[in-house]
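Everything below concerns the one structure shown next.
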Amino acid sequence: MQNWEKLGSDISEWILDYANKNDITSLVVGVSGGIDSAVTSILCAKTGLRTIAISMPIHQNEIQNNLSVMHCKWLSSNWSNVENHVVDLSGTFDSISYVLREKGADDLSLANTRARLRMTALYSMASFNNGIVVGTGNKVEDFGVGFYTKYGDGGVDISPIADLYKSEIYSIAESLGVIKEIQDAAPTDGLWDDGRTDEEQIGATYEELEWAMREIEHPSAVGPNERQRQVMARYIELNKANSHKMRPIPVFKRSDR
C-alpha cells in the first residue's frame, strides 16, 4: 500500500534538492483554488524555502476565487515561510482582449491568453525574488491529453506532481490536510467566465482518462465496454491534437555542418 505522506515528503525533498543545486531561494506557485495547486503549494511550503503563493483572478468565478483565498490563508497560517499575494489581472486582460477581439480573436484564444498572462506574472515575481515557477500539472494533463495552455500554465521551471495521476493527487491532498472544500470541488481550469468544469470541456472524467492512459500502457485481458470505448477514442483524439505541446520544439538542422 502506498504511503502518501512519505511520497509527499519525497517530492518536497526533490524540490528542495533542485533549488539548492541551482542556488534558488524562493518558490513561486500560482494558486487557483484547485486540488493540484493546493497540493503543490503545500509541498513547496514543506521544503522550508520561501514560498510565494499567488492568486491571479481574471473576472474569476466567485467560488473559485473564494477557494483560492481560503487555501492561501490556511497555507500561511500553517507555514511561516509562506507569503500570499493577489495579482488581479482583470484590467490587463480587458485591455489586451479588446485589442485582440478587434483582430478576430475568439473565446478559446482569449481563454488561453488568460493563462499566458498568469504565466507572465509568475515569472515576473520569480525573477525579482531569485525564484523558480513551480508547475501544478498532473500526469493525465501534461502527458496524456495535453490539457493545458502552451506557454501558459505549461510554462514552468519544475513539475513536481506531473508523474502523478489525479487520483493519486487526491490521496496526497488528504494526507496533507487540504481543506475539504477544495477536495470536494469539481476540477476546473479557471479560464472561463461561466466556471465550466474540466469534465465538461474534455468530455470525460479524470478517472476515465486515467483508465485510458493505464490501458494503453498495460492493456487488460478484458475488453472495454461501450463507455470505455468512447473514452478511449476521446483520449486518443486529444492526445493526437495536443501532441505538439508534449513534444520538444522542432528545430531545423542544417545539413552543411
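If only one of 67, 108, 43 is farther than 21 Å from residue 132 by Cβ, among the hydrophobic types (A, V, I, L, M, F, W, C) and touching a residue at least 24 places away in the same chain (Cβ under 8 Å), which one is it? Full working, then the answer.
Numbers: 108 fails: touching a residue at least 24 places away in the same chain (Cβ under 8 Å); 43 fails: farther than 21 Å from residue 132 by Cβ.
Being farther than 21 Å from residue 132 by Cβ, among the hydrophobic types (A, V, I, L, M, F, W, C) and touching a residue at least 24 places away in the same chain (Cβ under 8 Å) holds for just one of 67, 108, 43, which is 67.
So which residues in the range 229-257 are among the aromatic types (Phe, Trp, Tyr) and in contact (Cβ under 8 Å) with a residue 60 or more places away in the chain, if there are any at all?
Filtering the range 229-257 down to residues among the aromatic types (Phe, Trp, Tyr) leaves 235, 252.
Within the range 229-257, just 235 meets the criteria.
In the set 199, 237, which member is loosely packed, with under 14 Cβ neighbours inside 10 Å and more than 19 Å from residue 134 (Cβ to Cβ)? Even if it seems obvious, please write down each step before you answer.
Values: 199 fails: loosely packed, with under 14 Cβ neighbours inside 10 Å.
Among 199, 237, only 237 is loosely packed, with under 14 Cβ neighbours inside 10 Å and more than 19 Å from residue 134 (Cβ to Cβ).
Only one of these conditions is not met by residue 190: (1) on the phi > 0 side of the Ramachandran plot; (2) part of a helix (DSSP H, G or I); (3) of a type in the set (Gly, Ala, Ser). Which number is it?
(2)
Kindly list the number of the only condition in (1) over 24 Å from residue 206 (Cα atoms); (2) of a type in the set (S, T, N, Q); (3) in a loop (DSSP other than H, G, I, E, B) that fails for residue 20.
(3)
If you go through the range 214-257, how many residues are among the charged types (D, E, K, R), more than 20 Å from the chain's Cα centre (by Cα) and not in a helix (DSSP H, G or I)?
Looking only at the range 214-257, we keep the residues that are among the charged types (D, E, K, R), and these are 214-215, 217, 226-227, 229, 234, 237, 240, 245, 247, 253-254, 256-257.
With the extra rule that they be more than 20 Å from the chain's Cα centre (by Cα), the set shrinks to 214-215, 217, 226-227, 229, 234, 237, 240, 253-254, 256-257.
This time we only want the ones that are not in a helix (DSSP H, G or I), so: 253-254, 256-257.
Result for the range 214-257: 4.
Could you please give the count of residues in the range 202-228 that are free of Cβ contacts under 8 Å to residues at least 40 places away in the same chain and either closer than 30 Å to residue 70 by Cα or of a type in the set (Gly, Ala, Ser) (or both)?
The total comes to 7.
Criterion first (within 24 Å of residue 7 (Cα to Cα), surrounded by fewer than 16 Cβ atoms within 10 Å (Cβ to Cβ), touching a Phe, Trp or Tyr at 6+ places or on another chain (Cβ under 9 Å) and at pLDDT 95 or above) does residue 210 satisfy it? So that I can check it myself, show each step before the final result.
On the way: within 24 Å of residue 7 (Cα to Cα): yes; surrounded by fewer than 16 Cβ atoms within 10 Å (Cβ to Cβ): no; touching a Phe, Trp or Tyr at 6+ places or on another chain (Cβ under 9 Å): yes; at pLDDT 95 or above: yes.
Judged against the criteria, residue 210 is not a match.
Testing residue 108 on (1) farther than 18 Å from residue 34 by Cα; (2) at pLDDT below 95; (3) in contact with an Asp or Glu (Cβ under 6 Å, 6 or more places away or on another chain); (4) not basic (Lys, Arg), one condition comes back false. Which one is that?
Only one criterion is unmet by residue 108, namely (3).
So which residues in the range 56-85 are β-branched (Val, Ile, Thr) and touching a helix residue (DSSP H, G or I) at 6+ places or on another chain (Cβ under 8 Å), if there are any at all?
First pass over the range 56-85, keeping only residues β-branched (Val, Ile, Thr): 58, 63, 69, 82.
Those that are β-branched (Val, Ile, Thr) and touching a helix residue (DSSP H, G or I) at 6+ places or on another chain (Cβ under 8 Å): 58, 82.
From 13, 83, grab the single residue that is outside any helix (DSSP H, G or I) and among the acidic types (Asp, Glu). Spell out the reasoning first.
Numbers: 13 fails: outside any helix (DSSP H, G or I).
On inspection, the qualifying residue turns out to be 83.
For residues that are outside any helix (DSSP H, G or I) and either free of Cβ contacts under 8 Å to residues at least 40 places away in the same chain or surrounded by fewer than 17 Cβ atoms within 10 Å (Cβ to Cβ) (or both), tally how many sit in the range 159-178.
Pass one, the range 159-178, residues outside any helix (DSSP H, G or I): 159-165, 177-178.
Still in the running and either free of Cβ contacts under 8 Å to residues at least 40 places away in the same chain or surrounded by fewer than 17 Cβ atoms within 10 Å (Cβ to Cβ) (or both): 159, 162-164, 177.
Counting residues in the range 159-178 that are outside any helix (DSSP H, G or I) and either free of Cβ contacts under 8 Å to residues at least 40 places away in the same chain or surrounded by fewer than 17 Cβ atoms within 10 Å (Cβ to Cβ) (or both) gives 5.
Which of (1) more than 18 Å from the chain's Cα centre (by Cα); (2) within 21 Å of residue 168 (Cα to Cα) does residue 183 not meet, given it meets every other one?
Unmet condition: (1).
Any chance you could count how many residues in the range 117-133 are surrounded by 23 or more Cβ atoms within 10 Å (Cβ to Cβ) and among the polar types (S, T, N, Q)?
So the count comes out to 0.
Given the structure, is residue 32 in a helix (DSSP H, G or I) and hydroxyl-bearing (Ser, Thr, Tyr)? Even if it seems obvious, please write down each step before you answer.
Details: in a helix (DSSP H, G or I): no; hydroxyl-bearing (Ser, Thr, Tyr): yes.
Spelling it out, it is not the case that residue 32 is in a helix (DSSP H, G or I) and hydroxyl-bearing (Ser, Thr, Tyr).
Within the range 180-196, can you find the residues that are loosely packed, with under 15 Cβ neighbours inside 10 Å and closer than 20 Å to residue 167 by Cα?
Residues satisfying the conditions are 180, 181, 183, 184, 186.
Which is in a helix (DSSP H, G or I), over 26 Å from residue 117 (Cα atoms) and of a type in the set (Ser, Thr, Tyr), of 95, 37, 77? Steps first, answer last, please.
On the way: 95 fails: over 26 Å from residue 117 (Cα atoms); 37 fails: over 26 Å from residue 117 (Cα atoms).
The match here is 77.
The values are calculated or read from the model by the stated rules, or taken from the named source; none is laboratory data. No experiment lies behind these values; they were computed from the predicted model shown. Reconstructed Cβ throughout: ideal geometry from the backbone, glycine too, with neighbour counts over all protein chains shown.
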